[in-house]
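See structure below.
The values are calculated or read from the model by the stated rules, or taken from the named source; none is laboratory data. Note that this is a predicted model, so its numbers are computed, not measured. Counting neighbours? That spans all protein chains shown, and the Cβs are built from the backbone with ideal geometry, glycine included. Quick note on the areas: whole protein, heavy atoms, side chains included, nothing else; ligands and nucleic acids left out. Shrake-Rupley method; radii C 1.70, N 1.55, O 1.52, S 1.80 Å.
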Amino acid sequence: MRLLLLAPPGAGKGTQGQRLAARFRVRHIAAGDLLRAEAQADGPRGRDIAAHQARGDLVPDQIVLDVLTPAVVEAAARGGYILDGFPRTLPQATAAANLGARLGVTLHAVVYLHAPEKVLTWRLLDRASQDGRADDKADVIRHRLQVFAETTGPLVPYYTQRAFSSRWTPISHPNPSPPTSRPACPRSRRSPGLSL
């Protein structure tokens, strides 16, 4: 299984990615985790990544591809992956599609997780109080959600147009309001035959 989870910050990519990876016995590749690990390593690339993340901006495409490609190729060779947090822009998606086709690591499906902005903000602020992530501050959260809407939002129609199936299946959490419950309001879309 090779699956992409597409969602705004706080929508549950990490949680659902871990659950799916455990269920299907494949690797969960969280782009943000790999980039944060690289940012903590000493070196110019790590400092560049850290600066972008502290502002809530996207890390440049080539850096993201350089960090993620080895992990994706290795996971695909071992049975598959659940990828979350990448691609985040149309140029990343098209570059990844070309690279995926060339390396034989094309996607089997894409799932889009949706939650209202208010719920996303609650979740991220709650996560900040528990995990202490530097990018989970109110002003940075607002910026991250705006960046998602402007740069990653267009990936939904991009993958919709590439899909063989045109059916959306909405799944609503019964109680989406309490921030500590980390509510899930996913909409999934199966998109077979897509390239990474």
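Assorted remarks:
- Contact map, the stretch 139-161: residues that are farther than 16 Å from Val119 by Cα paired with residues that are assigned to a helix (DSSP H, G or I), Cβ distance under 7 Å, separation 6+ or inter-chain. Pairs shown: Pro154/Leu90; Leu155/Leu90; Leu155/Ala93; Tyr158/Leu90; Tyr158/Ala93.
- Filter result (out of contact with any strand residue (DSSP E or B) (no Cβ under 8 Å at 6 or more places or on another chain) and over 16 Å from Phe86 (Cβ atoms)) within the stretch 23-48: Arg23, Arg25, Gln40, Ala41, Asp42, Gly43, Pro44, Arg45, Gly46, Arg47, Asp48
- Hits in the stretch 14-52 - residues which are in contact with a Leu (Cβ under 9 Å, 6 or more places away or on another chain), open to solvent by less than 40 Å² (accessible area, probe 1.4 Å) and not in a helix (DSSP H, G or I): Val26, Ile29, Ala30
- Positions within the stretch 53-74 being touching a His at 6+ places or on another chain (Cβ under 9 Å), open to solvent by less than 40 Å² (accessible area, probe 1.4 Å) and among the hydrophobic types (A, V, I, L, M, F, W, C), in sequence order: Val59, Ile63
- Checking each residue in the stretch 82-116 for being surrounded by fewer than 19 Cβ atoms within 10 Å (Cβ to Cβ) and in contact with a Lys or Arg (Cβ under 6 Å, 6 or more places away or on another chain) picks out only His108.
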